[in-house]
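Structure, as structure tokens:
Every number here is computed from the coordinates shown, using simple stated rules; none is lab data. Here the structure is a predicted model, which is why all the values come from computation and not from measurement. Heads up, the Cβs are rebuilt from the backbone with ideal geometry, glycines too, and the neighbour counts pull from every protein chain shown.
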Amino acid sequence: MSLPSNLHPDEASPPWLNKGDNSWQLTAATLVGLQSVPGLVILYGSIVKKKWAVNSAFMALYAFAAVLICWVGWGYRMSFGDKFIPFLGMPNVSLDAQYLIDRAFLGYLPNATMIYFQFVFAAITLILIAGALLGRMNFLAWMLFVPLWVTFSYTITAYSIWCPGGWLAKRGLIDYSGGYVIHLSSGVAGFTAAYWVGPRTTRDRERFPPNNILLMLAGAGLLWMGWTGFNGGDPYTVSTDASLAVLNTHVCTATSLLTWLILDYIFFGKPSVVGATQGMITGLVCITPAAGVVQGWAAILMGMMSGSIPWYTMMVLHKKVWFLKQVDDTMAVFHTHAVAGSLGGILTGVFAVPKFNRLFYMVTDWQHYIGLFYGFHDGRTTAGFRQLGVQLLGILFVVFVHATMTSIICLLISLVVPLRLSEEALQ
């Protein structure tokens, strides 16, 4: 039976191109882009004091634009290109017309689509880091920080974990959609940068109310709904696995939000709209490394833990641990992204289903991809413990890379311009 005329391969639609996959990938990338612009632009601009609204929103807007130029200039090939060193690709431009229409390294997509999709992930990582620095960072220092960090920090973990030639990818680390590459990375980098930049004014630390709660919820809603593209786009194909990832994402997020609200009510006597937003974010972050490789019941359990463990670290532990109290992390990205991302990575090593991993990774070697729970169930305990070990190794690597590189970048910038605004400007 012959194909309809509109599906015949031609010069613009080569035989390897899947129009459905390409359409969804472009849509998913745009959904992720909307999480940043306008999502986090609105969220940051409305969750801070009125005097910081424009500055905070502008930090997000600038990062989105600056990352794209770095990405097509050299960042994409450093993250997904030819091997340069074991944890980094060769820097190269990604703007040649022939390169852009050639087939990408994964999926039935052109390079142009893959570059766009991976760009929005790199951009949101920088914007999440900004959340830890709101209310005092010198904007000129931020303008320098963004290109330096995406070049010398983000590319290392992206290549190591997501590029097929990366050393952690070869070891079988499961990071479905960025629990490590985006959320743990931004949480560690944001916390580290906040340490070097220094705190807000005492008045701002003591009282920093949202200037518009309804707009804050609108930004949070864009973030939540945009996660359909965030997790649903990572199989690079319109598959059953993509559908599973989308549903698991929303189930875990809803569970996490409700768990956080219940804990707020039990311990503080009333639910909090800011708390609900935090619980939403921790649920989204926790399910991200596992979205398409776990069962629905596991997504519920992960939501319960992502709504309670980061709640405990933020509401209880943060007030008791001396070092945590010293660092002014404005949006608590350490708890919502580093803690929740690590939690998700560990639980992925527990709940990952071998069959779902096979659907996602399209491999026959299941030794790399079996959660501890299924290792016990299938009599492959050693493989299950090995997977959990790889997940923990990934956490240590990401923490080391971003704590080190972020510190170096901040110290270098401080030699040129102050990281923090002057006390006079802050007042």
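Calculate how steeply helix 381-414 sits against the longest principal axis of the alpha-carbon atoms of the chain, using the helix alpha-carbon long axis, and give the answer as 0 to 90 degrees to the nearest 10. The angle comes out near 50 degrees. For the pair segment 360-427 / segment 258-314, the C-alpha centres are spaced 20 Å from each other. Modelled this way, with points 7 Å down the Cα-to-C-beta line, the labels at residue 265 and residue 403 are 3.8 nm from one another. The long axis of helix 19-34 is offset from the longest Cα principal axis of the chain by roughly 0 degrees. Mean sequence separation of contacting Cα pairs (under 8 Å, at least six apart), scaled by the length of the chain, corresponds to a relative contact order of 21 percent. Here residue 319 is the anchor, and the lysines within straight C-alpha reach of less than 29 Å, apart from those fewer than 8 places off in the same chain, are 49, 50, 51, 270.
A full extension of the chain between residue 240 and residue 422 corresponds to an added length of 60.2 nm, given 0.36 nm per residue minus the alpha carbon distance.
Zone of residue 215 (label point 7 Å along Cα→Cβ, backbone N under 19 Å): which residues in segment 318-350? The answer is 331, whose backbone nitrogens lie closer than 19 Å to the label point. The angle between the Cα long axis of helix 111-130 and the longest principal axis of the Cα atoms of the chain comes to about 20 degrees, rounded to the nearest 10. With both labels modelled 7 Å from their Cα along Cα-to-Cβ, the residue 320 to residue 97 distance reads 6.4 nm. Annotation for residue 27 and residue 312: the two label points, set 7 Å from Cα along the Cα-Cβ direction, are 4.1 nm apart.
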